[in-house]
Number of protein chains: 2
Amino acid sequence: MKQRGGRVEAIYAGLRLAILEQVLEPGTKLPEDTIGEQFGASRTVVRRALELLASEELIEFRLNRGAAVCKPTLEEARDLFSVRQEIEQLVVRRLCGRLTRAQLKRLHAQIDLEDAAHKNGHNAYIRHAAEFHLALAEMTGSQLLARYMRQLVGRSALVLGLYGRPRWTDCSVQEHRDLVASLADGNIALVEKLMHHHLEAVLTRAIETAGKDKTGGLRDLLAPYAEAAKAT
Amino acid sequence: MKQRGGRVEAIYAGLRLAILEQVLEPGTKLPEDTIGEQFGASRTVVRRALELLASEELIEFRLNRGAAVCKPTLEEARDLFSVRQEIEQLVVRRLCGRLTRAQLKRLHAQIDLEDAAHKNGHNAYIRHAAEFHLALAEMTGSQLLARYMRQLVGRSALVLGLYGRPRWTDCSVQEHRDLVASLADGNIALVEKLMHHHLEAVLTRAIETAGKDKTGGLRDLLAPYAEAAKAT
DNA sequence: CATGGACAAAGTGTATACAAAAATGATGAG
DNA sequence: CTCATCATTTTTGTATACACTTTGTCCATG
């Protein structure tokens with residue numbers, strides 16, 4: 001017995017990454033033995049990892065039917081983004097004009113990562129973009145804001161994976177660059193506007209488009225309603 | 001074996017209540033067997049309940065040393081209240097002038113509960129006051145805001161229990177009444193000001209006073225630092 | 001008398017066993 | 001051919017056993 005508590009963390013991190021990068025799509029079942037076999041751990045420790053993910057609402061438990069990757073409804077998605085708008089505003093208001101040179105450097109480096117991943121078409125792009133927003137929250141020094149942002153970007157990735165079309169990520173990198181530039185300048189009004197538009201744009205590129213594009217998005221879009229109708 | 005998933009919820013709810021009403025004080029150890037014996041459940045199910053509480057940061061796990069009620073540091077307390085200020089502002093901005101008659105009725109009823117508990121000196125007062133803020137968040141219709149508020153008021157109760165003096169609750173009831181009145185009027189500026197002052201007042205009555213009152217508060221105030229020094 | 005280390009007691013971390021529930025698939029009636 | 005019913009299989013929910021860590025005590029030793 002390897003008496004190390006780090007193993008649940010490892011499984012948690014692995015599964016979380018797989019969900020954020022959309023390797024595990026919403027709705028995917030997560031049987032405990034299968035995962036345990038993969039990671040070489042018993043169901044006990046797998047379950048703990050799953051419960052961590054459930055506390056972030058990335059997966060959900062159904063009674064006696066195990067865990068599955070969450071499928072947020074459209075309503076939940078709208079709630080998520082409206083709250084995220086407000087939290088992100090709190091973050092940039094705290095940061096505007098107060099970023100150190102080292103922090104700016106870190107942000108630029110993060111954006112470069114996004115850029116590289118984006119050009120390679122790698123699905124790690126989603127994660128890097130999420131980490132940019134998380135980095136901003138962490139720079140406020142508030143553990144709580146960082147914690148909330150971590151959950152928000154995680155859940156956002158889920159929503160974008162569900163309702164977004166394949167190439168929803170266009171242009172987002174430049175928006176990040178503009179945002180950091182304005183944060184450095186300390187132009188609070190512009191920063192708030194940029195962040196607002198950035199998040200609106202992400203949402204538009206994802207959800208709104210999904211409604212019009214019938215090829216891939218609509219099917220997933222309607223799936224929750226179909227299931228709801230079947231349940232009642 | 002009673003195959004009901006509701007048992008972990010029951011233990012979770014019971015422990016949470018005990019913590020919020022300060023029956024279980026910060027620092028109290030929570031041995032799994034003891035709790036399991038009390039609630040008539042095995043360690044497995046107790047552990048799940050404890051992990052739920054840990055995800056709200058009401059308790060914390062120390063490696064190989066089990067769970068204990070959290071003792072937020074002063075820094076964490078300040079972070080908590082500064083973020084809570086901002087979240088509560090988001091809540092009242094969403095509600096101002098939009099409360100239905102039924103909602104107002106519910107809020108008044110909630111305040112009456114506080115009042116009654118307060119006059120009886122009952123420690124249930126803390127919980128009722130917390131539920132008032134939670135009720136506001138729920139009325140926004142945002143699941144996320146409600147969720148965050150639930151965590152925030154829970155953790156606040158912990159902080160107030162740690163750093164607050166015995167009679168820190170004075171006058172808070174009237175502040176709640178004034179707040180609801182302004183919400184009904186739709187006077188957004190006044191509402192924001194009242195909520196801000198209310199939370200500041202709670203903090204002042206608790207933390208600030210603790211620093212000046214050397215009889216009980218200061219000891220607890222310094223305890224975290226003493227432990228931190230011992231650890232390093 | 002203080003200090004340090006061995007030992008015992010308590011309690012956690014993990015694996016595993018077993019019962020109940022759900023998913024699956026086969027069988028038969030209409 | 002379709003649908004319902006029932007047995008089988010899979011998987012979860014919970015209890016329990018065991019190993020390891022921590023912690024407190026006591027005794028030997030400087």
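The values are calculated or read from the model by the stated rules, or taken from the named source; none is laboratory data. Keep in mind it's a predicted model, so treat the numbers as computed, not measured. Neighbour counts are summed over all protein chains in view; Cβ atoms, including those assigned to glycine, are modelled from backbone coordinates with ideal geometry. Each accessible area value is taken on the protein alone, full model and side chains, heavy atoms only, with ligands, DNA and RNA left out. Shrake-Rupley method; radii C 1.70, N 1.55, O 1.52, S 1.80 Å.
With the largest listed first and rounded to whole Å, the semi-axes of the equivalent ellipsoid of the range B:74-218 from the Cα gyration tensor are 25, 17, 14.
For the listed residue pairs B:LYS71/B:LYS119; A:LYS71/B:LYS29; A:LYS193/B:LYS105, the alpha carbons are over 32 angstrom apart in A:LYS71/B:LYS29; A:LYS193/B:LYS105.
Solvent exposure of the range B:74-218, expressed per residue, is 44 Å² of accessible area, with all protein chains present and a 1.4 angstrom probe.
In a DSSP loop and with at most 13 other Cβ atoms within 10 Å, the trypsin sites (Lys or Arg not before Pro) in the range A:1-96 are A:LYS2, A:ARG4, A:ARG65.
Report the A-B buried area as the accessible area lost on both sides summed, probe 1.4 Å, in Å² to the nearest 100. So the total buried area for this chain pair works out to about 2400 Å². A label point on B:GLY40, set 7 Å along the Cα-to-Cβ line, lies at 4.3 nm from each of its counterparts in the other copies, closest listed first. The rotation axis taking chain A to chain B passes closest to this chain A residue's Cβ, listed with the gap in Å: A:SER55, 2.
Label-to-label distances for B:ALA181 across copies, nearest first, come out at 5.2 nm, using points 7 Å from Cα in the beta-carbon direction. How far, in nm to one decimal, is B:GLU25 from itself in the other copies if the label point is set 7 angstrom along Cα toward Cβ? Shortest first, please. Listed shortest first, these distances are 5.6 nm. How many percent of the accessible area of the range A:1-148 is carbon or sulfur, using a 1.4 Å probe? Carbon and sulfur together cover 50 percent of it.
Per residue, the accessible area of the range A:6-69 comes to 50 Å² when a 1.4 Å probe rolls over the protein heavy atoms.
Which of rounded, prolate or oblate describes the range B:128-200 when judged by the alpha-carbon gyration tensor and an a/c cut-off of 1.5? Verdict is oblate for the range B:128-200. Mean per-residue shielding of peptide B:77-86 is 4, counting Cβ atoms of other chains within 10 Å of each Cβ.
Would you please name the trypsin sites (Lys or Arg not before Pro) within the range B:108-206 that are DSSP coil residues with at most 13 other C-beta atoms within 10 Å of their C-beta? Here the trypsin sites (Lys or Arg not before Pro) that fit, given the DSSP loop and packing criteria, are B:ARG167.
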